[in-house]
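The values are calculated or read from the model by the stated rules, or taken from the named source; none is laboratory data. In this text, all values refer to a predicted model and were calculated from it rather than measured experimentally. Note: ideal-geometry Cβ built from the backbone for every residue, glycine included; neighbour counts use all protein chains shown. Heads up: the accessible areas ignore ligands, DNA and RNA and are worked out on the full protein's heavy atoms, side chains in. Shrake-Rupley method; radii C 1.70, N 1.55, O 1.52, S 1.80 Å.
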2 protein chains.
Amino acid sequence: MTTAVDAAEQHTLAGDLEAAARIGAVDGGGISRFAWTPELVEVTQRVAAELERLGLAVETDAAGNMIGRWPAPPGPAVMAASHLDTVPRGGPLDGVLGVLGAVEAVRILRREGFEPKRPIWIGSFMDEEGSRFGTALFGSRAFCGDDVSAALDARDPDGICVRDAMRAQGFDPARIGDAERVDDVGAYVELHIEQGPVLDSRGERLGVVEAICGVLGYRVVVHGEANHAGTTPSELRRDALVGASRIVLALRERAASRPDLSATVGRIRALPGATNVIPGRCEFTVDLRAATADAFAGARAWFADMVSAVVADEALEATVECDYAVPPTPMAPQVIEAFEAAALAEGIEPVRMASGAGHDAMNVGRRAPAGMIFVPSRGGISHSPQEWTATEDCELGARVLASTLRRLAS
Amino acid sequence: MTTAVDAAEQHTLAGDLEAAARIGAVDGGGISRFAWTPELVEVTQRVAAELERLGLAVETDAAGNMIGRWPAPPGPAVMAASHLDTVPRGGPLDGVLGVLGAVEAVRILRREGFEPKRPIWIGSFMDEEGSRFGTALFGSRAFCGDDVSAALDARDPDGICVRDAMRAQGFDPARIGDAERVDDVGAYVELHIEQGPVLDSRGERLGVVEAICGVLGYRVVVHGEANHAGTTPSELRRDALVGASRIVLALRERAASRPDLSATVGRIRALPGATNVIPGRCEFTVDLRAATADAFAGARAWFADMVSAVVADEALEATVECDYAVPPTPMAPQVIEAFEAAALAEGIEPVRMASGAGHDAMNVGRRAPAGMIFVPSRGGISHSPQEWTATEDCELGARVLASTLRRLAS
């Protein structure tokens with residue numbers, strides 16, 4: 001153990017984050033580290049080397065997930081993980097703080113001379129962001145035994161498919177099923193930046209996630225009648241954009257009246273798209289998120305009714321396609337409580353909140369007791385080179401993670 | 001005169017319309033006859049030949065406008081005109097009915113043995129639609145002495161400019177000023193399809209235009225803040241599309257409450273345009289039309305105030321650029337009255353209405369007493385192969401035009 005304790009003295013969380021941010025740094029700002037690329041391999045190997053110095057046995061599974069195991073008596077593992085890949089020109093903390101914070105937690109526990117009674121796993125999931133192939137949460141899905149065979153055929157902008165990208169790095173796509181290890185996990189914890197403005201705007205330092213919001217993704221087409229902008233009187237218009245605008249505002253009003261719901265229309269197009277033609281067709285997307293199963297089901301039913309009512313009132317028609325409907329993932333009460341006790345021991349009163357963004361914990365949380373903590377994102381900014389969290393907040397997150405691992409693995 | 005009267009027996013309006021519709025007919029439907037193309041030359045020459053058979057002296061001016069002059073004692077001319085060019089895949093009546101209806105009117109007057117006391121001019125203006133070069137109303141602008149020099153440099157999708165297209169047909173762009181002849185016009189009349197649904201939906205057969213609406217064209221950009229759709233709570237959102245949607249609905253409400261105003265948002269785009277990102281920017285166009293000078297000025301002031309109020313209320317900002325502001329063109333009372341008397345003589349009670357669409361009469365009407373009549377567009381459809389007007393309504397329009405020419409040229 002002496003070697004591992006010495007190793008714990010050589011690295012700091014801030015230093016590790018800085019070193020990681022140089023790998024995949026892009027001219028002009030930001031970091032690009034995508035699935036199955038040399039940059040992601042390099043940063044992952046760096047973390048693996050540090051875990052090995054700390055005395056963990058590191059392996060990479062069939063899906064490219066790196067897992068370091070702290071030797072301990074057998075039993076359900078306590079796993080702390082996140083991801084090391086980024087969005088294009090991403091920031092220095094999204095995902096990587098969760099992995100390097102877990103590494104820092106191991107250093108803290110090593111310094112304390114902690115000896116786990118159950119295995120502690122420190123992990124980095126392959127391809128959380130899906131930036132290269134559109135195959136988000138690939139590694140944690142494989143880890144949970146989800147069928148990722150469709151994702152294997154996805155192609156990047158150069159036409160390379162996941163299957164070939166895996167083979168080029170010595171992985172065998174046919175063995176992807178071997179990555180399923182979730183049944184060995186007794187508790188899962190993840191530290192992440194909030195990626196939203198709630199903690200920062202309220203001056204809070206730590207959030208404990210109660211649930212990861214479910215997401216409903218719709219493509220809506222409102223059908224009206226294209227007509228001459230000058231010659232068609234108001235009472236004879238069937239303007240698809242007018243209907244769409246009413247739907248945008250109804251969504252906003254509904255979300256504003258409920259803290260457990262968010263609604264966003266991010267893309268919109270009116271057709272034929274001429275300045276002097278009444279839109280006969282309007283296409284737009286809807287992103288609806290809800291933190292509880294009730295709110296999720298309620299939002300789904302309300303949305304369908306609301307669209308029908310608006311288009312009927314405007315003598316329009318609409319087609320609504322649901323692209324995805326991922327229900328909310330509640331976090332496990334025992335993990336939430338362990339986080340809260342750990343935070344209080346650090347003198348911090350944490351805030352319970354929902355995660356509006358998706359995370360690997362969403363997949364693991366469907367199969368094992370899981371929890372997440374958030375540290376504040378300055379200005380709520382993420383997926384951007386401007387993404388930032390104060391060093392002392394990152395360190396607080398790592399200390400709470402260490403304390404939680406100690407509680408769960410004692 | 002015998003020859004001309006005989007010629008009058010050889011053609012019919014329906015036959016002429018049918019023959020014209022074959023020139024520039026496009027595979028798959030519709031008619032494409034653009035400025036300075038062989039198709040437009042061919043149909044124009046066909047009309048010129050018929051006017052010559054009817055005893056008119058035909059010439060083409062420096063801007064490509066074809067004018068047939070009925071010999072008469074000197075004096076301010078009574079001119080009936082419209083255009084023979086079309087939009088891409090346009091219908092068989094927009095513009096061409098006004099020219100061939102005027103030719104039919106000459107045949108009617110010839111059959112009656114009418115001898116004008118003032119010159120009667122039958123005209124076809126070059127490039128009313130602007131389909132090829134984006135240079136709408138080119139011929140009538142040149143006829144009215146407007147500066148069209150900027151239009152001469154406009155290019156079609158193949159990179160050919162108006163100047164070169166003119167030269168290729170033996171026209172001298174340097175002599176474009178010679179086309180100004182509006183001062184010789186004592187009255188201008190134009191028969192056109194309504195291009196809107198008012199007459200058809202009310203079962204009316206003839207509209208007399210009181211004014212051609214003024215048009216305000218705006219490009220609006222609403223500035224908000226792009227943010228994560230999942231992690232940004234309602235109260236911290238500055239959603240540019242929400243602001244734009246309120247503006248769309250405010251425009252609709254205003255136009256619905258005033259018969260003298262129409263408002264259309266035809267193009268809209270939210271940026272960055274991702275399903276899971278709150279729009280930080282929304283760009284859209286606004287087309288506002290008003291029939292009277294008061295309504296035009298009122299709409300302009302109201303629009304600026306309304307946009308300011310909405311964006312202030314939403315903590316957004318907006319930039320509004322006015323691309324064009326063409327005031328309404330009132331039609332001349334004496335021409336309106338001549339049309340009405342002519343219609344009543346045909347046993348038809350005409351409807352007074354505004355023209356929401358622009359026409360060559362808009363340019364001529366600023367310099368000479370002008371008027372227009374509309375016949376019903378089936379379903380209000382125009383700029384489409386489905387554009388249609390019953391033959392008896394076209395013939396009624398031509399008879400009213402003939403009777404009006406007789407009244408004005410007696």
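Might you report the magnitude of the Cβ-based charge dipole of segment A:24-100 about its Cα centre, with Lys and Arg at +1 and Asp and Glu at -1, to the nearest 20 debye? Write out the running numbers ahead of the final one.
Working: 5 positive and 9 negative charges, 27 e Å.
Here segment A:24-100 has a charge dipole of around 140 debye.
Note the distances from A:PRO272 to each other copy's matching label point, with points 7 Å along the Cα-to-beta-carbon direction, in nm, sorted shortest first.
3.3
If you restrict to DSSP beta bridges whose two residues both lie in the protein assembly as shown, what percentage is antiparallel, to the nearest 5? Kindly include the intermediate steps, with their values, before the conclusion.
Details: 93 of 135 bridges.
Given both bridge residues lie in the protein assembly as shown, the antiparallel proportion sits at roughly 70 percent.
Report Rg (one decimal) and Dmax (nearest whole number) for chain A, counting Cα atoms only, units Å.
Answer for chain A, Rg first and Dmax second: 23.5, 86 Å.
Just the number, please: carbon plus sulfur as a percent of the accessible area of segment B:214-326, 1.4 Å probe, no ligands or DNA/RNA counted.
Numbers: 2250 of 4570 Å².
Answer for segment B:214-326: carbon and sulfur cover 49 percent of the accessible area.
If you take all C-alpha pairs in segment B:9-149, what percent of them are over 22 Å apart?
Details: 3544 of 9870 pairs.
Within segment B:9-149, distances greater than 22 Å cover 36 percent of Cα pairs.
I need the helices of chain B that pass two filters: whole DSSP H segments spanning 15 Å or more by Cα along the axis, and mean Kyte-Doolittle score no lower than -1.0.
Numbers: long enough: B:38-53 (22 Å, -0.31); B:96-112 (24 Å, 0.88); B:240-256 (24 Å, 0.89); B:293-313 (30 Å, 0.83); B:333-345 (18 Å, 0.94); B:391-408 (25 Å, -0.06).
The answer, listed by residue number, is B:38-53, B:96-112, B:240-256, B:293-313, B:333-345, B:391-408.
If each of B:ARG53 and A:ASP313 carries a label point 7 Å out from its Cα toward its Cβ, how far apart are those two points in nm?
Simple spin-label model gives 6.0 nm for this pair.
Could you work out the Kirkwood radius for segment B:92-171, taking every pair of different alpha carbons, averaging 1/r and inverting it, reported in Å?
The Cα-based Kirkwood calculation yields 14.8 Å.
Suppose we take every Cα in the protein assembly as shown and form the convex hull; what volume per residue is that in Å³? Could the numbers behind the result be given before it?
Details: hull volume 134.8 nm³, N = 820.
Value for the protein assembly as shown: 164 Å³ per residue.
With every protein chain kept in place and ligands, DNA and RNA left out, what is the accessible area per residue of segment A:307-410? Probe 1.4 Å, answer in Å².
Numbers: 4160 Å² over 104 residues.
Dividing the accessible area of segment A:307-410 by its residue count gives 40 Å².
Can you tell me the accessible area per residue over segment B:40-117, all protein chains present, probe 1.4 angstrom, in square angstrom? Show your work: numbers first, answer last.
Values: 2390 Å² over 78 residues.
For segment B:40-117, the per-residue accessible area is 31 Å².
Kindly give the semi-axes, whole Å and largest first, of the ellipsoid equivalent to segment A:214-326, taking each as the square root of 5 times a Cα gyration tensor eigenvalue.
Details: eigenvalues 163, 32, 24 Å².
Semi-axes, largest first: 29, 13, 11 Å.
For a quick protection proxy, order the peptides A:309-316, B:249-256 by their average other-Cβ count within 10 Å, most packed first.
Values: A:309-316: 16.8, B:249-256: 18.8.
Result, highest mean first: B:249-256, A:309-316.
What is the magnitude of the charge dipole of the protein assembly as shown about its Cα centre, with +1 placed on the Cβ of each Lys and Arg, -1 on the Cβ of each Asp and Glu, and no other charges, expressed in debye to the nearest 20? Kindly include the intermediate steps, with their values, before the conclusion.
Details: 78 positive and 116 negative charges, 100 e Å.
Charge dipole, the protein assembly as shown, about its Cα centre: 480 debye, nearest 20.
Where does segment A:200-265 land on the Kirkwood hydrodynamic radius, alpha-carbon pairs, in angstrom?
15.6
Need the full-extension length gain, A:GLU337 to A:ASP147, defined as separation in residues times 0.36 nm minus the C-alpha distance. One decimal, nm.
Details: separation 190, 0.36 × 190 = 68.40 nm, distance 3.21 nm.
Value of the extension gain: 65.2 nm.
Which residue fluctuates the most in chain B, going by a Gaussian network model with Cα springs under 10 Å, if the choices are B:ALA142, B:ALA105, B:ALA174?
Result for chain B, Cα springs under 10 Å: B:ALA174 fluctuates most.
In chain B, what residue has the beta-carbon at the shortest distance from the axis of the rotation relating B to A, and what is that distance in angstrom, rounded to the whole number?
B:SER245, 2
Shortest first and in nm with one decimal, please list how far the B:GLU112 label point sits from its counterparts in the other copies (point 7 Å along Cα→Cβ).
Spacings between copies for this position, smallest first, are 10.6 nm.
For Cα pairs less than 8 Å apart in space and 6+ apart in sequence, what is the mean separation divided by the residue count of segment B:113-171, i.e. the relative contact order in percent?
Values: 54 pairs, mean separation 12.4, N = 59.
Computed over segment B:113-171, the figure is 21 percent.
Across 10 Å bins from 0, what is the distribution of all Cα-Cα pair distances for segment B:343-410, in whole percents?
16, 45, 34, 5
For A:ASP164, place a label point 7 Å out from Cα along the Cα→Cβ vector, do the same in each other copy, and report the separations in nm, one decimal, smallest first.
4.3
Rank-order A:373-382, B:54-63 by packing density, defined as the average count of other C-beta atoms within 10 Å over each peptide's residues, highest first. Don't skip to the answer; put the middle values down first.
Numbers: A:373-382: 23.5, B:54-63: 18.4.
For the peptides A:373-382, B:54-63, the packing ranking is A:373-382, B:54-63.
What's the extension gain from A:ARG155 to A:GLN169 if we count 0.36 nm per residue and subtract their Cα-Cα distance? Could the numbers behind the result be given before it?
Numbers: separation 14, 0.36 × 14 = 5.04 nm, distance 1.61 nm.
Between A:ARG155 and A:GLN169, full extension yields 3.4 nm more.
Positive end of the dipole of the protein assembly as shown, charges at C-beta (+1 Lys, Arg; -1 Asp, Glu), about the Cα centre: which of A:ALA256, A:GLY90, B:VAL265 has its Cα farthest in that direction?
Checking the options against the dipole of the protein assembly as shown, the answer is A:ALA256.
For segment A:214-326, what proportion of DSSP beta bridges, expressed in % and rounded to the nearest 5, is antiparallel? Show your work: numbers first, answer last.
Details: 30 of 30 bridges.
Antiparallel bridges: around 100 percent, rounded to the nearest 5.
Percent relative contact order of chain B, based on C-alpha pairs within less than 8 angstrom and at least six residues apart? Spell out each step's value before the answer.
Values: 952 pairs, mean separation 89.7, N = 410.
So the answer I get is 22 percent.
Considering every residue in B:232-239, what mean count of other chain Cβ atoms within 10 Å of its Cβ is obtained? Intermediate values should be presented prior to the final figure.
Numbers: counts 8, 11, 11, 4, 5, 6, 0, 6.
Partner-chain Cβ atoms within 10 Å, mean over residues of B:232-239: 6.
Give me the summed buried accessible area for the A-B pair, 1.4 Å probe, to the nearest 100 Å². Could you put the intermediate results ahead of the total?
Details: alone 17330 and 17380 Å², together 30930 Å².
So the total buried area for this chain pair works out to about 3800 Å².
Build a GNM of chain A with springs between Cα atoms under 10 Å: which of A:ALA263, A:ALA102, A:ALA361 gets the top mean-square fluctuation?
Largest GNM mean-square fluctuation: A:ALA263.
How large are Rg and Dmax for segment A:130-239 when calculated on the C-alpha trace, in angstrom?
When restricted to Cα atoms, segment A:130-239 yields Rg and Dmax of 23.3, 70 Å.
Would you mind computing, in nm to one decimal, how far apart the modelled labels at A:MET306 and B:GLU18 are, each placed 7 Å from Cα along Cα→Cβ?
5.6
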